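The values are calculated or read from the model by the stated rules, or taken from the named source; none is laboratory data. Only a predicted model underlies this, so the values are computations on that prediction, with no experimental measurement involved. Quick reminder, even Gly has a Cβ in these numbers, built from the backbone with ideal geometry, and neighbours come from all protein chains shown.
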Amino acid sequence: MTTMTILKTSPVLAALIAASAASAQTAAGTQENANPTAASPAAESYPAAASGDGVTSGGYNQSRWAEDWTRFRDPAKIDDPIDRLKYIPLAADGDVYLTLSGELRLRANHTTNPNLRESEAQHQDINRIVAGADLHLGEHVRFYGELAHGGLSGLNLGTKAANLSNDLAIQQSFVDLTGTLGSVDLGLRYGRQAFADGPNLLVVPRDNNTIFFTFNGVRAWAQSPTARVDLFDFKPTEYGNAGLGDDRIEDERRFSGISAGFVLPETLLGGSKLYLDPFVWRLRDNDASWGGTSAREVRKFYGLHFWGDVGPVNLDWTINKQGGQFDGRDIDAWLILLAQTYRLGKDRSAPRVGFHVDYASGGGAYGTGKLRTALAPFGNNVYYSYQLFATPTNLVAFAPNVSFQPVPKVRATLEYQFSWRDTASDAVYRANGTAFAGTQNVADRKIAETARAQIVWTLSPRVSFTGRYEHLMAGPSLKQAGYRSSDFVAGWLSFRF
């Protein structure tokens with residue numbers, strides 16, 4: 001069966017699943033599943049929070065297939081009607097069951113001087129609607145399907161991007177085969193899927209978009225209690241703006257590699273919960289562009305991700321050497337990403353102070369010889385700029401920050417970032433990897449100073465409100481090339497089940 005066959009048949013599968021759910025409100029069994037994840041049948045598995053599937057909080061994960069709702073096998077644990085949608089038994093023994101999920105997000109963005117040019121402000125009213133179905137056929141087989149809609153209206157919108165405005169898209173559609181060999185959990189996934197097994201700044205589904213960034217292909221993994229390995233071979237999804245028939249698999253790019261993980265001894269550094277994740281990736285792009293030249297690029301990533309907690313200190317460090325070739329030229333680039341915070345108290349909700357310092361090499365895009373521009377292939381674009389005006393390419397950044405709870409259930413974060421270019425003869429780059437035209441001709445290295453604030457009000461595990469504000473003060477690298485400062489304010493309300 002090809003990837004396209006799975007994707008074309010998945011709407012039919014989704015309809016069958018929905019019909020089965022409507023007629024299958026039988027009583028759940030009382031047997032509890034002691035496994036930490038549905039795809040991990042071993043009694044002791046690699047820690048779920050470090051398995052490369054994102055963070056689960058309050059039972060919910062950005063990737064809905066990573067959630068485990070088997071506790072609702074016990075009817076006594078069902079608190080409301082929505083809980084019944086999370087575990088719908090389709091067989092008497094409870095091993096065949098269905099989990100339904102959904103999300104509604106209403107969001108408004110307002111940006112002054114869009115594209116950092118002096119012009120009328122842009123206003124975006126955006127909605128996201130997602131419906132998912134997770135069908136488990138016993139311990140070893142599961143099917144997952146997810147449909148998504150993105151609505152966009154407002155002022156000064158320009159060309160509507162398909163990841164913001166989309167009538168209907170198959171966001172995810174895959175099949176999993178899992179099993180155990182001794183104490184090792186094994187798994188194979190095939191189809192369209194979100195992927196987050198790497199540092200947040202290098203590869204994530206990009207929740208800032210209305211439609212997730214997804215891949216098509218195969219992922220295989222093996223996990224013991226203290227070590228794991230994840231192999232993948234993907235091609236990105238290129239979405240259209242209309243219905244289900246205009247999305248395609250992007251044959252021009254191919255992303256493959258190995259991500260691994262090791263649980264470090266808890267006695268390390270006097271008591272800790274730390275992980276070391278090495279990775280080796282390859283990105284092939286037949287239409288890469290640097291300095292106005294478009295050509296084939298094969299970029300290789302060799303990296304280490306060291307992260308976790310040491311008492312009150314949280315660490316997230318990445319070092320990544322990049323090699324390969326672009327248009328017959330050697331690539332020689334580096335990424336060093338260092339984020340750390342310190343908790344001012346014993347309670348997990350205590351205030352945290354910290355900073356991140358990041359280095360992304362640049363140079364060679366507008367010349368000859370080695371290409372030294374670093375690349376974060378599919379990372380978290382809002383980390384440096386909510387307006388998507390920065391990316392870890394030819395960038396040096398330093399940002400102190402503080403987060404705290406002013407009132408219960410509300411978390412606030414304040415940050416002030418200083419940004420420079422690594423190489424003044426190379427450009428300033430946007431989040432999509434394109435250069436701000438003319439910045440390569442400016443001698444000054446300072447890009448901008450950026451003040452940002454965010455609040456997250458968690459009304460319940462299912463409902464949250466997020467507010468963001470950012471002021472980007474353009475520095476000489478931008479101003480001397482004709483670019484301007486910008487303000488950004490956004491708010492959104494999310495409901496998920």
State whether the residues of region 201-215 include one that is in contact (Cβ under 8 Å) with a residue 40 or more places away in the chain, more than 22 Å from Thr391 (Cα to Cα) and among the aromatic types (Phe, Trp, Tyr).
-> no
Would you check if there is a residue in region 428-435 being hydrophobic (A, V, I, L, M, F, W, C), in contact with a strand residue (DSSP E or B) (Cβ under 7 Å, 6 or more places away or on another chain) and surrounded by 16 or more Cβ atoms within 10 Å (Cβ to Cβ)?
-> yes
Could you check how many residues of region 286-316 are more than 20 Å from Thr373 (Cα to Cα) and assigned to a strand (DSSP E or B)?
-> 10
Give the residue, chosen from Gly240, Gly191, that is in contact with a helix residue (DSSP H, G or I) (Cβ under 6 Å, 6 or more places away or on another chain), surrounded by 22 or more Cβ atoms within 10 Å (Cβ to Cβ) and either modelled with pLDDT of 95 or more or part of a loop (DSSP other than H, G, I, E, B) (or both).
-> Gly191
How many residues of region 201-252 are among the aliphatic types (A, V, I, L, M) and more than 22 Å from Glu146 (Cα to Cα)? The answer is 6
Could you check how many residues of region 162-186 are small (Gly, Ala, Ser), surrounded by fewer than 21 Cβ atoms within 10 Å (Cβ to Cβ) and assigned to a strand (DSSP E or B)?
-> 1
Which listed residue is modelled with pLDDT of 95 or more and touching a Pro at 6+ places or on another chain (Cβ under 6 Å), from Ala412, Ala399 | Ala412
Looking only at region 141-154, which residues are surrounded by 15 or more Cβ atoms within 10 Å (Cβ to Cβ), over 19 Å from the mean Cα position of the chain (by Cα) and under 30 Å from Asp95 (Cα atoms)?
-> Arg142, Phe143
Residue match in region 81-97 (condition: over 27 Å from Gly438 (Cβ atoms), touching a Pro at 6+ places or on another chain (Cβ under 9 Å) and either exposed (fewer than 15 other Cβ atoms within 10 Å of the Cβ) or among the aliphatic types (A, V, I, L, M) (or both)) = yes
Does region 224-234 contain any residue that is closer than 25 Å to Ala376 by Cα, in contact with a Gly (Cβ under 8 Å, 6 or more places away or on another chain) and outside any strand (DSSP E or B)?
-> no
Among the residues of region 388-427, how many are buried (at least 23 other Cβ atoms within 10 Å of the Cβ) and not charged (D, E, K, R)?
-> 10
Answer from Lys300, Lys346, Lys370 - the residue that is under 21 Å from the mean Cα position of the chain (by Cα), surrounded by fewer than 17 Cβ atoms within 10 Å (Cβ to Cβ) and not hydrophobic (A, V, I, L, M, F, W, C) = Lys300
All positions within region 366-383 that are β-branched (Val, Ile, Thr) and either farther than 16 Å from Ser289 by Cα or in contact with a Phe, Trp or Tyr (Cβ under 9 Å, 6 or more places away or on another chain) (or both) = Thr373, Val382
Return a yes/no flag: does region 376-387 have any residue that is among the hydrophobic types (A, V, I, L, M, F, W, C) and crowded, with 24+ Cβ neighbours inside 10 Å.
-> yes
Cβ-Cβ below 6 Å, separation at least six or inter-chain, first residue in region 129-142 and of a type in the set (Asp, Glu) and part of a strand (DSSP E or B), second modelled with pLDDT of 95 or more and surrounded by 15 or more Cβ atoms within 10 Å (Cβ to Cβ): which pairs?
-> Asp134/Trp65; Asp134/Thr99; Asp134/Tyr144
Taking region 470-493, which residues are surrounded by fewer than 19 Cβ atoms within 10 Å (Cβ to Cβ) and under 30 Å from Gly59 (Cβ atoms)?
-> Gly491, Trp492, Leu493
Residue check, Thr56 crowded, with 17+ Cβ neighbours inside 10 Å, farther than 26 Å from Val175 by Cβ and either hydroxyl-bearing (Ser, Thr, Tyr) or in contact with a Cys (Cβ under 9 Å, 6 or more places away or on another chain) (or both) = no
Could you tell me which residue of region 269-289 is surrounded by the fewest Cβ atoms within 10 Å (Cβ to Cβ), considering only residues that are in contact (Cβ under 8 Å) with a residue 40 or more places away in the chain and more than 25 Å from the chain's Cα centre (by Cα)?
-> Gly270
Please specify each residue of region 355-367 satisfying the condition of being among the hydroxyl-bearing types (Ser, Thr, Tyr), within 27 Å of the chain's Cα centre (by Cα) and assigned to a loop (DSSP other than H, G, I, E, B).
-> Ser361
